[in-house]
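Here's the structure, in structure tokens; my notes come after.
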Amino acid sequence: MQSEKINQIKAEIASATATNAEELEAYRMRFISKKSVIGALFAEMRNIPNEHKKAFGQEVNEVKQLAEEKFQDLIAKSESGNQKKASLDQDLTLPPTAWPVGGIHPLTAVRQRIVTIFERIGFNLSEGPEIEDDWHNFTALNFPENHPAREMQDTFFIEKHPDIALRTHTSSVQVRVMENEEPPIRTLSPGRVFRNEAISARAHCIFHQVEGLYVDENVSFADLKQTLFHFAKEMFGKDTKVRFRPSFFPFTEPSAEIDISCQLCGGKGCNICKGSGWVEIGGSGMVDPNVLKNCGIDPEKYTGFAFGMGIERIAMLKYQINDLRLFTENDIRFLSQFRGLL
Ligand code: 2NL
């Protein structure tokens, strides 16, 4: 009689299923809890004659163990079932999709890199107006009265007599520094400059320049060379070679163009360097004594060096960019390539 009941419970356990929390709870109520059918079997114990108690107890314990094993089994199955369902929907353990965020403009990144290199060797930053008078843009810098840069076709004039123009270089900032400060002067002036040029892959009417100026007692051409050697190696890598080529600027004497070994071919000769192995990165020289005098600095006591570079040009060499217009067209396919900079 009792055995039949126990067999029936065993059969029920064997065929039990549970796929969700409610069904699991129903199973627990029927087979595990105190008030379950198995609980009832334990309560029955009292009524079993002593000689059968042991055998009955064994049978009841067996079915109890069976019920518990099946319960664990059902729990495990329903959990993996839930997981399967979730993975079809969405895996909440995955990292979230990143929102598209902006990046630093390549010119900003390159300017910042240049600034950092010079700040670390004692240069400070200086800024000045983009609209300049003739004195700060031309006359103080020793430009002769008839210099072609002073022509309408080269410079954007805002007013004539007296002449007011968009600055054509940031040397005007350094003239202002020399007028206002005593040596030693070590300053770097990055900024936007303007020239009346037809826009092409190699020229633009608005571009960016960084100029450096060092004025003190006993500043020599050796200091100029060593400073620019240092810059080139920091900016383009320690194997970069530097060469100075004699040149002319109205505001420096002597003057030199600064070349570095070609980034692309390492000096062997290629398209970028037109077979020479060298590319120009800027100009430099010893500040002309006339310029020092114009800015209120005694050229008998002080000497100085200065240099100028186009930021676009440095960026183009560093990142192999072949068209100046890319910097101002705001094409996301170009700009997003520099997202990781800085
Ligand atoms: C170039 C050449 C140069 C300077 C800039 C400078 C400034 C003062 C006095 C003397 Cl206040 N010189 N600046 C000197 C030599 C060259 O720039 O090719 N720039 C893109």
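The values are calculated or read from the model by the stated rules, or taken from the named source; none is laboratory data. Worth saying up front: this structure is predicted, and the values here are computed from it rather than measured. Please note: Cβ atoms are built from the backbone with ideal geometry, for glycine as well, and neighbour counts cover all protein chains shown. Heads up: the accessible areas ignore ligands, DNA and RNA and are worked out on the full protein's heavy atoms, side chains in. Shrake-Rupley method; radii C 1.70, N 1.55, O 1.52, S 1.80 Å.
On the accessible surface of the chain, probed at 1.4 Å, how many percent belong to carbon and sulfur atoms? Show your work: numbers first, answer last.
Values: 10390 of 20030 Å².
The computed percentage sits at 52.
Run the numbers on region 28-164 and let me know its relative contact order in percent, using alpha-carbon pairs under 8 Å that are six or more apart. Before the final figure, lay out the partial values.
On the way: 47 pairs, mean separation 16.6, N = 137.
Relative contact order of region 28-164: 12 percent.
Amide H to amide H, with H built 1.01 Å from N, ILE281 comes under 5 Å of ILE258, ASP259, ILE260, counting only residues 5 or more places away or on other chains.
For region 283-342, what is the convex hull (Cα atoms) projected area averaged across all directions, in square nanometres? Walk me through the numbers before you get to the answer.
On the way: hull surface 25.8 nm².
The orientation-averaged projected area of the Cα hull of region 283-342 comes to 6.5 nm².
Computed on the Cα trace of region 229-342, the radius of gyration divided by the Kirkwood hydrodynamic radius gives Rg/Rh = 1.07. Applying a 4.7 Å Cβ-Cβ cutoff to the chain leaves CYS205, CYS295 as cysteine residues with no disulfide-compatible partner. For the pair SER3 and GLN72, a Förster radius of 35 Å applied to the C-beta separation gives a FRET efficiency near 0.85, rounded to the nearest 0.05.
Full extension of the chain between ALA43 and GLU23 yields a length gain of 4.7 nm, computed as 0.36 nm times the residue separation minus the alpha carbon distance. Separation of region 178-238 from region 86-145 is 16 Å, based on Cα centroids.
So if each residue of separation counts as 0.36 nm, and I subtract the Cα-Cα distance between ASN290 and LYS233, what length gain in nm does that give? If you can, show how the numbers build up before the last one.
Working: separation 57, 0.36 × 57 = 20.52 nm, distance 3.23 nm.
Result for the pair: 17.3 nm of gain on full extension.
Helix 21-31 and the longest principal axis of the C-alpha atoms of the chain enclose an angle of approximately 30°. Among THR227, THR17, THR108, the largest mean-square fluctuation in a Gaussian network model of the chain (Cα springs under 10 Å) belongs to THR17.
What FRET efficiency comes out for the pair GLU182/LEU341, r = Cβ-Cβ distance, R0 = 45 Å, nearest 0.05?
On the way: r = 37 Å, r/R0 = 0.83.
Once rounded, the FRET efficiency stands at 0.75.
Note on the chain: GNM, Cα springs under 10 Å; of LYS64, LYS241, LYS274, the largest mean-square fluctuation is that of LYS64. In terms of overall dimensions, the chain has a Cα radius of gyration and Dmax of 41.5, 131 angstrom.
When only Cα pairs under 8 Å and 6 or more residues apart are kept, what is the percent relative contact order across the chain? Don't jump to the answer; show the numbers that get you there.
Values: 513 pairs, mean separation 52.8, N = 342.
Relative contact order here is 15 percent.
When the Gaussian network model of the chain links Cα atoms closer than 10 Å, the mean-square fluctuations of MET286, MET152, MET309 top out at MET152. Applying the criteria of a DSSP loop state and at most 14 other Cβ atoms within 10 Å to the GluC sites (Glu not before Pro) of region 262-340 yields GLU300, GLU329.
The distance between label points at GLU79 and GLU329 comes to 5.8 nm (points 7 Å beyond Cα on the Cα→Cβ vector).
Percent of Cα-Cα pairs more than 16 Å apart in region 1-80, please. Within region 1-80, distances greater than 16 Å cover 50 percent of Cα pairs. Built from the Cα atoms of region 32-146, the convex hull projects on average onto 20.1 nm², one quarter of its surface area.
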